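The values are calculated or read from the model by the stated rules, or taken from the named source; none is laboratory data. Keep in mind the model is a prediction, meaning the values are calculated, not measured. In this analysis, Cβ positions are derived from the backbone assuming ideal geometry, glycine residues included, and neighbour counts consider all displayed protein chains. The accessibility values were calculated without ligands, DNA or RNA, using every heavy atom of the protein model including side chains. Shrake-Rupley method; radii C 1.70, N 1.55, O 1.52, S 1.80 Å.
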Amino acid sequence: MDCLFCRIIAGEIPASKVYEDDRIFAFLDIQPGAPTHILLVPKRHLAGLAEATAPDAELLGALQLKAAELARTLHLEDGYRIVLNVGPDAGQSVFHLHLHLLGGRPMAWPPG
Ligand code: AMP
Ligand code: ZN
């Protein structure tokens, strides 16, 4: 599978792992947009939210809950942002679904 994040999950490409369980993998974004910038991905390849279907609902919920748990662990009590870019207009550049967990600084709204 020619997918960057599948290769990171498989350990073929190095990454700074933050968390792993049987179905979720989390690692530091290589180009951080905030003091904390973690990517959370399902281990099973899923191109993006646009490709997700009803059976993926529990997994999508688990990814968000894990992001909240990591945010608690990292003491982001002042707030954080979860971003899921979908498609070219949103700037999705890796087509393996990933949540961005961003925190450690105030966030502007609306996002750019
Ligand atoms: P997106 O633009 O939402 O598809 O996000 C893709 C993210 O993956 C970007 O924030 C990149 O900085 C990040 N990224 C790309 N390559 C790597 C890598 N090898 N290790 C960690 N993060 C990466
Ligand atoms: Zn993949």
Task: Test set (1) under 24 Å from residue 1 (Cβ atoms); (2) open to solvent by 80 Å² or more (accessible area, probe 1.4 Å); (3) not in a helix (DSSP H, G or I) - residue 47 fails condition number - done: (2)
TODO: Quick one: count up the residues across the stretch 68-98 that are away from ligand 2 (no atom under 16 Å from the Cβ) and within 26 Å of residue 1 (Cα to Cα).
DONE: 6
Open item on the list: Residue under question is residue 62, and the condition is that it be in contact (Cβ under 8 Å) with a residue 12 or more places away in the chain and away from ligand 1 (no atom under 11 Å from the Cβ); does it hold?
Closed with: yes
- [ ] Search the stretch 80-110 for residues being loosely packed, with under 11 Cβ neighbours inside 10 Å and farther than 26 Å from residue 23 by Cα, and hand back the single one that is nearest to ligand 1 (Cβ to nearest atom).
- [x] 88
- [ ] Find all pairs meeting these conditions: Cβ atoms under 6 angstrom apart; at least six residues apart or on different chains; first residue within the stretch 1-20 and farther than 12 Å from residue 43 by Cβ; second residue assigned to a helix (DSSP H, G or I) and open to solvent by less than 50 Å² (accessible area, probe 1.4 Å).
- [x] 15/8
TODO: Could you figure out which of (1) open to solvent by less than 80 Å² (accessible area, probe 1.4 Å); (2) more than 11 Å from the chain's Cα centre (by Cα); (3) within 12 Å of ligand 1 (Cβ to nearest atom) isn't true of residue 5?
DONE: (2)
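From the list 26, 15, pick out the single residue that is under 15 Å from the mean Cα position of the chain (by Cα), in a loop (DSSP other than H, G, I, E, B) and within 12 Å of ligand 1 (Cβ to nearest atom).
Values: 26 fails: in a loop (DSSP other than H, G, I, E, B).
None of the others qualify; the one that does is 15.
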